[in-house]
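For reference, the structure is listed below as structure tokens.
Derivation of every value follows stated rules applied to the coordinates shown; laboratory data play no part. Keep in mind that this is a model prediction, so the values were computed, not measured. Note: ideal-geometry Cβ built from the backbone for every residue, glycine included; neighbour counts use all protein chains shown.
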Amino acid sequence: MEQLIPECQPIPSPENPPVLSLNDDEKEKVLEIDQYILQKFKSFQHLNLSTFEDRQRFILRFLRAKLHSIPNTIQKIDNYFEWFIQSKPFMITPSQILTEVNFGKFFLMGVDKNQCPVVVVLSRKHEPWTSVLEETLTTAIVFMEKVVKSGREMVIILDQEGAGLRNIDPQMERAVITLMQKYYPETLGKCYLVNPPFFIRGIWRAIKPLLSDRHAAKVDFLASPDLSEFIDKQYLPAQYGGDHYPDMEKWKQMTLENLFSNQVLKFPICCENKILVQSIENDWIQFLNSKISFTSLG
């Protein structure tokens, strides 16, 4: 049979995000929080928050994660700004995640039937004794930044075929879950666990308390690895019910190209732009010096 190579489709462009659906209460609270943020920062170009629509999507993720509490939402957003400026995800370069991608742990696999980006994680490729936690988290940040800028939720296929106890890494799992919950809330659409070994449900019982109820409900154990009900076969390799037999080396390269493509990013992620960096650092100083109180807003 001819070896067909599936497309590794770029994550949907932020210029064409899905239409937001807000109820009246959310609209009112988003406007309040937006006014607070506008007083904190004068420029949002580096955060992709230049327009009200951009900020609306950003605020809504945090608002829903904090159950519509304005003070709690603002505190969470403040924490995000602090982390963003200190961590500088906009300065990540391909070389920083090359080891993780070359191991074949993660790759992009087009979109599902709702046009949400699909990320495949191969558990058997993770070796805790050789992996560097910082590199794994950096890779996760790059994926999450791309998902957020697409304006959509992410679908994760956690493929555990061939994985064993040797691949279990509680420290890494806790760190990635914490990263998503603290700084990228409400970005997970669905996580499908396929080919799980017998012991994985016990591990899931240990991990589940770390998740919110909403996130825990997004995790599905599948008896069959066939994902064609959720993802078009044109984007699926044969082992997931699709039509393709992927060239993994080519998929690795396409994943890197898509993660760092300028099609999706509004700022240069591998930038040497000293003016941009100085602008961000100046904004952070302004943020730290701000005396605005959010308690009066809620």
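When you filter the trypsin sites (Lys or Arg not before Pro) in the range 111-192 for DSSP loop state and at most 15 other Cβ atoms inside 10 Å of their Cβ, you are left with Lys113. From the cross-link list Lys27/Lys76; Lys88/Lys190; Lys76/Lys125; Lys29/Lys208; Lys27/Lys146; Lys66/Lys218, which pairs have alpha carbons spaced over 22 Å apart? Too far apart for the 22 Å limit: Lys88/Lys190; Lys76/Lys125; Lys29/Lys208; Lys27/Lys146.
Count neighbours as other Cβ atoms within 10 Å of each site's Cβ, and list the GluC sites (Glu not before Pro) in the range 88-193 that are DSSP loop with at most 14 such neighbours. Before the final figure, lay out each step's value.
Values: sites: Glu100, Glu134, Glu135, Glu145, Glu153, Glu161, Glu173, Glu186; in loops: Glu153, Glu161, Glu186.
Qualifying residues, ordered by number: Glu161.
Computed packing ranks the peptides 21-29, 79-87 as 79-87, 21-29, most packed first, by mean other Cβ atoms within 10 Å.
Return Val121, Val30 ranked ascending by Cβ neighbour count within 10 Å, so the fewest neighbours appear first. Before the final figure, lay out the partial values.
Details: Val121 19, Val30 22.
Ranked by crowding around the Cβ, least crowded first: Val121, Val30.
Figure legend: label point modelled 7 angstrom from the Cα of Lys113 along Cα→Cβ; residues of the range 237-259 with amide N under 17 Å from it are 237, 240-243.
If you rank Thr93, Thr255 by fewest surrounding Cβ atoms within 10 Å, what's the result? Let's see the in-between values first.
On the way: Thr93 14, Thr255 21.
Final ranking by Cβ density, sparse to dense: Thr93, Thr255.
Quick check on the exposure proxy: order Thr73, Thr136, Thr187, Thr51 from fewest to most C-beta atoms within 10 angstrom. Show your work: numbers first, answer last.
Details: Thr73 28, Thr136 24, Thr187 18, Thr51 10.
Least to most surrounded, the residues fall as Thr51, Thr187, Thr136, Thr73.
Take the alpha carbon gyration tensor of the range 93-259, find the square roots of its eigenvalues, order them as a ≥ b ≥ c, and report rounded if a/c is under 1.5; if not, report prolate when a/b exceeds b/c, else oblate.
On the way: a/c = 1.17, a/b = 1.07, b/c = 1.09.
Rounded, since a/c falls under 1.5.
In order along the range 165-174, the Karplus-derived 3J(HN,Hα) couplings, from 6.51 cos²θ - 1.76 cosθ + 1.60 at θ = phi - 60°, round to 4, 5, 8, 6, 9, x, 4, 5, 4, 5 Hz, and Gly and Pro are given as x.
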